[in-house]
Amino acid sequence: MQTDPERMLRDLADLRRIGAVGTGVVRPAFSETDIAARHWLAERMREAGLTPGFDPIGNLFGLPPGEAPCLLLGSHSDTQPQGGWLDGAYGVIAALEVARAAREAGGPGIAVVSFQDEEGRFGGLTGSSVWSGALSLAEADAMTDTGGVALADARAAMADVAGGFVDPARFTGFVEMHIEQGPVLDQAGEAIGVVEAIAGLRQLDIRLSGQQNHAGTTPMRLRRDAMQGLIGFATRLNVVLEPLATPATVWTIGHVQVEPNAASIVPGMVRFTVQWRDAEAARLERMEAATRDTAAEVAGERGLGLEISDFPPLSPVALDPGLCAHLAAAAEHCVPGRWRRMVSGALHDATNVARLMPTAMLFVPSIGGISHSFAEDTAEADLIAGVEVLAEAARRITAA
Ligand SMILES: [Zn+2]
């Protein structure tokens, strides 16, 4: 099986033109450009000897001839409202190139997928959620975008081409290639990440209430300043979480609301989110206990009221160790010493597919760690190394 890197780069450039805006791409799920890109991809699949088909939620599968279960490769081709040209697209085009090279070599059969609405115009990982059974089609249909358009109405635009769902039993496993969307590989000068787990996520909404009062007349020692409570909490939280964390553990106070948010008023209330992500459920649990304890301590010391509510947690997903071993061997074969095992801090369709079959992921570097931006890019040499590693991995997985 011999991949053709030039052909892959040409396909990537052609796909980039559909919905191009400057250096970026605007192809949200079920937009005109997204649908055009899906039809373009279906044609490339047909040319490669695969049978393309759209399912009811807009996922596009390209299946090799025959009924025998085969390896599935792919990602998504929809983008953020202001997306980069590689997020999702690279994984789909790399998959297409490997499947095409396998067809030219007379086997093994390899299938390709482009999932729909990974970027969440309606939900987030919508196409793979429905395909994997995590979300029903009826539940998905009821979701709306920020403009109030229901997914049911949006997907009607593809009703003329929609067939049935592909039976997951058709596949022996799934490998998703993706850009890292973070700085780790780029900073280390490495070419490949073998993703062993996708981080889970927990989030608390915390409300500290104090006493709103005049900022000129209220002595410091008599204040119950909710904003000072947040500052005390944030500072102490970093100290408390640090010893619990790995280098891949992250936490963020991302949304803050101060009441009444006026220069001459001692803030009476702050409401903020604390979100943290890690690949181990037990660590997520310990971090939650530490976060709750710290909030209670700070509130107690400062005489502030405390209310905490939680968001539905997302569990971490461990990827398949057997597939990861093949990916690691392929990486060492193609880019010796220039790869690492790592955790994905971002969610991917692989999260959903892992419910159905052995699943693994490969990352290539993102220049400067930039993604979800028109500035998103990856060096051509890394794009080429990535498809070579994917092909080598597919060879090893299908031979095993
Ligand atoms: Zn993506």
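Picking from residues in segment 247-264 that are modelled with pLDDT of 95 or more and within 21 Å of the chain's Cα centre (by Cα), the one that is surrounded by the fewest Cβ atoms within 10 Å (Cβ to Cβ) is 252. Highlighted here are the strands (runs of 3 or more DSSP E) found entirely within segment 1-110 that include at least 1 residues which are within 16 Å of the ligand (Cβ to nearest atom) and either buried (at least 21 other Cβ atoms within 10 Å of the Cβ) or at pLDDT 95 or above (or both): 60-63, 70-76. The residue pairs whose first member lies in segment 21-49 and is under 20 Å from residue 86 (Cβ atoms), whose second member is of a type in the set (Ser, Thr, Tyr), and whose beta carbons are closer than 6 Å, counting only pairs six or more residues apart or on different chains, are 25/79; 27/33; 27/79; 37/77; 41/114.
For residues that are part of a strand (DSSP E or B) and either within 30 Å of residue 335 (Cα to Cα) or small (Gly, Ala, Ser) (or both), tally how many sit in segment 204-238. So that I can check it myself, show each step before the final result.
As a first pass, look at segment 204-238 and keep what is part of a strand (DSSP E or B): 204-209, 213-214.
Adding the requirement that they be either within 30 Å of residue 335 (Cα to Cα) or small (Gly, Ala, Ser) (or both) leaves 209.
Of the residues in segment 204-238, 1 are part of a strand (DSSP E or B) and either within 30 Å of residue 335 (Cα to Cα) or small (Gly, Ala, Ser) (or both).
Conditions tested, residue by residue: (1) over 27 Å from residue 69 (Cα atoms); (2) acidic (Asp, Glu); (3) over 24 Å from the mean Cα position of the chain (by Cα).
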{"position": "158", "(1), (2), (3)": "yes, no, yes"}
{"position": "173", "(1), (2), (3)": "no, no, no"}
{"position": "181", "(1), (2), (3)": "yes, no, no"}
{"position": "216", "(1), (2), (3)": "yes, no, yes"}
{"position": "221", "(1), (2), (3)": "yes, no, yes"}
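Per the listing 134, 154, 226, 215, the residue uniquely in contact (Cβ under 8 Å) with a residue 12 or more places away in the chain and touching a Pro at 6+ places or on another chain (Cβ under 7 Å) is 226.
Of the residues making up segment 355-372, those that are within 21 Å of residue 314 (Cα to Cα), out of contact with any Cys (no Cβ under 7 Å at 6 or more places or on another chain) and surrounded by 24 or more Cβ atoms within 10 Å (Cβ to Cβ) are 359, 361.
Would you mention how many residues in segment 111-136 are near the ligand (Cβ under 10 Å from one of its atoms) and part of a loop (DSSP other than H, G, I, E, B)?
3
Within segment 204-226, restricting attention to residues that are among the aliphatic types (A, V, I, L, M) and surrounded by fewer than 19 Cβ atoms within 10 Å (Cβ to Cβ), the residue that is nearest to the ligand (Cβ to nearest atom) is 204. If you go through segment 144-203 and keep only what is surrounded by 19 or more Cβ atoms within 10 Å (Cβ to Cβ), touching a helix residue (DSSP H, G or I) at 6+ places or on another chain (Cβ under 7 Å) and in a loop (DSSP other than H, G, I, E, B), you end up with 182, 191.
Just wondering, is there one or more residues in segment 265-278 that are under 30 Å from residue 390 (Cα atoms), in contact (Cβ under 8 Å) with a residue 12 or more places away in the chain and surrounded by 17 or more Cβ atoms within 10 Å (Cβ to Cβ)? Yes; the residues of segment 265-278 include at least one that is under 30 Å from residue 390 (Cα atoms), in contact (Cβ under 8 Å) with a residue 12 or more places away in the chain and surrounded by 17 or more Cβ atoms within 10 Å (Cβ to Cβ). Checking residue 139 against (1) without any contact (Cβ under 8 Å) to a residue 60 or more places away in the chain; (2) part of a strand (DSSP E or B): exactly one of these is not met. Which one? With (1) without any contact (Cβ under 8 Å) to a residue 60 or more places away in the chain; (2) part of a strand (DSSP E or B) applied to residue 139, the lone miss is (2).
The values are calculated or read from the model by the stated rules, or taken from the named source; none is laboratory data. Model, not experiment: these values are computed from the prediction. Note: ideal-geometry Cβ built from the backbone for every residue, glycine included; neighbour counts use all protein chains shown.
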